Amino acid sequence: MEDNIDMFALLPDSLVLAIISYLPFKEAVRTCLLSKYWKHLWVNLPCIELKEHFESLEPFGSRNARRRVFLKFVAFWLDNRKDGPVDKFSLIMSNPNDNLVEDMIDRCVAFVTQHGVKELELDFSDPSWEEEVIPFRREALVELPTMAYKHQSIQSLKLSSCSFLANGLSNWRELKEVTLSWMEVNTDTLATLLSSCTMIESLVLKKCWNWGHFEIGNETSSLNRLLVEKCSFQNSFFKINAPNLCFFKYWGKLLLFEFKNLLAMEDAHLDFYLGYSNAGIGSRVLYDLVNDLYNARVLSVCPYILQVIRTEERARLARDMNTRHLTVKMNMLTSEVRGVLFFLRSCPMLECLTIQSGSKITLPDYQAMWIDSDEDQDDLPMRMQDNDEEQDDQAMLTDSVSLDNMDNYESSHDEEDEYYEDGSYLINTVDYMMKNVEYLIYYECLESSLKVVELKDFTCSKSNLVSQNGLALLCYLIRRGKGLTNVKINVLKGEIDGEKNVAFYRMIEEYLMTTPRASTDLQISICY
């Protein structure tokens with residue numbers, strides 16, 4: 001009988017609660033099935049996550065039934081909860097649309113604020129909205145209950161489709177983290193929020209919108225983390241004045257950016273799903289943006305940036321970047337390879353280069369700025385055209401074969417299909433490129449600082465230009481990176497299919513392993 005003793009029952013409830021609080025909330029609730037002792041123990045957990053779940057195509061009647069069960073569960077928690085702090089509370093319900101639901105929301109917020117909640121999350125958005133590439137401008141479905149404004153200990157606030165009164169937040173002096181999504185957030189609201197809650201360090205805006213422009217910050221702002229994702233601003237201006245900003249991530253439409261006091265910037269991520277139809281305007285805007293972020297030690301850029309930032313007049317930034325880790329998302333288009341070379345020249349202290357292959361633009365009508373065809377290669381020539389006085393550390397490529405000019409070599413091969421099928425054409429093409437290009441152009445990072453190159457989701461076919469670009473770029477880095485210690489290549493999952501494909505990738509692997517290396521310490525690893 002002694003073997004069946006529940007040893008947890010001998011421990012204080014507070015200690016048992018501390019132990020099961022490490023479980024996901026759903027799993028912690030399931031402990032009620034263990035025994036009578038465990039039946040109501042979970043209701044006193046310090047972190048409560050109440051999440052309603054609907055299937056995407058679930059019938060309306062079934063949804064109503066599920067909602068009644070969910071509301072009953074929430075009421076059970078409220079009725080059985082004993083005294084004790086609620087550190088974190090999350091309530092996720094899609095499309096609350098009746099008085100019963102609104103009353104339950106008010107009751108929950110009143111309860112947790114009275115129990116000293118520090119992290120509050122209220123999400124009333126519809127999961128189906130996530131499928132929208134450019135979010136529709138919707139009004140928030142719920143208003144933040146008035147009881148919340150009286151509470152002073154909230155440190156983290158997450159609101160989704162839940163509007164709030166910015167001038168009512170003066171009591172939230174401990175607020176440090178704010179996440180807003182699926183609602184209108186105008187410039188005045190942000191200004192009032194940041195001026196009333198001066199301790200805010202992190203601001204996240206997802207799928208928000210306004211009829212004006214975006215502008216935040218001042219000389220005394222404490223903001224050090226800003227994330228803006230898929231937001232819609234009627235006016236194209238985006239202004240930030242944040243002397244303490246360390247982390248910046250933007251995912252959305254290309255705007256006219258104006259940054260001030262970004263000397264503290266350490267980590268920047270730029271991803272644009274829609275740019276200007278005029279590539280020249282886009283190039284100037286992006287050049288100025290990247291130039292403002294020159295001090296970021298970690299930088300991530302998208303295919304659009306790579307395609308348009310380099311022009312005949314601008315082959316690098318006017319000043320050196322402080323970037324140590326550069327991530328480029330690309331599809332191995334020729335214009336994107338030029339963009340990579342732009343950043344290699346602009347980052348003399350670069351230590352790690354991560355190439356994320358296959359980064360497709362999600363908009364169905366998206367087209368690359370420059371098409372990789374013979375006719376369009378003259379738009380942005382690979383060879384530099386600097387005069388002698390302007391060369392300095394920007395020595396030009398010679399007039400021999402460049403990474404994007406293989407016309408003569410390609411036209412000389414009209415052999416049988418087998419030549420293309422086994423991958424020999426690709427290997428020989430890249431090998432010809434490597435042997436016949438005199439790489440006189442100077443990349444300071446390749447001379448000493450660059451240590452690691454990572455290629456993620458690598459794919460390669462037997463005879464297309466994209467594969468030539470990807471393999472040629474890899475070979476170039478291996479042959480010219482004097483300080484390289486590691487080149488890590490991860491082949492896209494599912495790419496190895498069938499014996500012929502395996503043999504082809506083995507051929508690629510053998511070629512990379514045997515290609516001449518500038519560094520005697522270099523190790524190359526390929527993961528399938």
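The alpha-carbon atoms of the stretch 64-103 define a convex hull whose volume equals 79 cubic angstrom per residue.
Segment residue 47..residue 239, full-extension length gain: 65.4 nm, with 0.36 nm per residue of separation and the alpha-carbon distance subtracted. Each Lys or Arg adds one and each Asp or Glu subtracts one; over the other residues with Cβ under 13 Å from the Cβ of residue 159, this totals -3. In order along the stretch 326-332, the Karplus-derived 3J(HN,Hα) couplings, from 6.51 cos²θ - 1.76 cosθ + 1.60 at θ = phi - 60°, round to 10, 10, 10, 9, 7, 10, 6 Hz, and Gly and Pro are given as x. Listed here are the pairs 26/72; 36/82; 176/456; which of them are more than 25 Å apart at the Cα? From 26/72; 36/82; 176/456, over 25 Å: 176/456. Pairs with C-alpha atoms separated by more than 31 Å, drawn from the list 239/482; 118/230; 51/493, are 239/482; 51/493.
The phi torsions of the stretch 196-203, fed into the Karplus equation with coefficients 6.51, -1.76 and 1.60 and a -60° offset, translate into couplings of 7, 10, 6, 8, 4, 10, 10, 10 Hz, rounded to whole numbers, with Gly and Pro shown as x. Ordering of 143-152, 487-496 by packing is 143-152, 487-496, highest average first (other Cβ atoms within 10 Å, averaged per residue).
Around the amide H of residue 49, modelled in the peptide plane, lie the amide H atoms of 90, all under 5 Å away and 5 or more residues distant in sequence or on another chain.
Placing pseudo-labels 7 Å out from each Cα toward the beta carbon at residue 98 and residue 184 gives an inter-label distance of 2.9 nm. What residues of the stretch 209-227 lie in the reach of a label at residue 261, counting those whose backbone N is under 11 Å from a point 7 Å from the Cα along Cα→Cβ? Within reach of a label on residue 261, which here means backbone N under 11 Å from a point 7 Å along Cα→Cβ, the stretch 209-227 contributes 217-223. Using the Cβ of residue 200 as centre and a radius below 11 Å, the other residues enclosed give a net charge of 0, where K and R count +1 and D and E count -1. On full extension, the segment bounded by residue 313 and residue 66 gains 82.7 nm, given 0.36 nm per residue less the C-alpha separation. Spacing of the modelled spin labels on residue 435 and residue 354, each 7 Å from Cα toward Cβ, amounts to 3.7 nm.
Taking amide hydrogens as placed 1.01 Å from N in the peptide plane, the amide H of residue 232 sits under 5 Å from those of 208, 209, 210, each at least 5 positions away in sequence or on another chain. Compared with the direct C-alpha span, the chain from residue 155 to residue 167 gains 2.6 nm at full extension, assuming 0.36 nm per residue.
Every read-out reported here was derived from the displayed coordinates using simple, explicitly stated rules and does not represent laboratory data. Computed from a predicted model, the values in this text were never measured in an experiment. Here the Cβ is made from the backbone with ideal geometry for all residues, glycine too, and neighbour counts use every protein chain on show.
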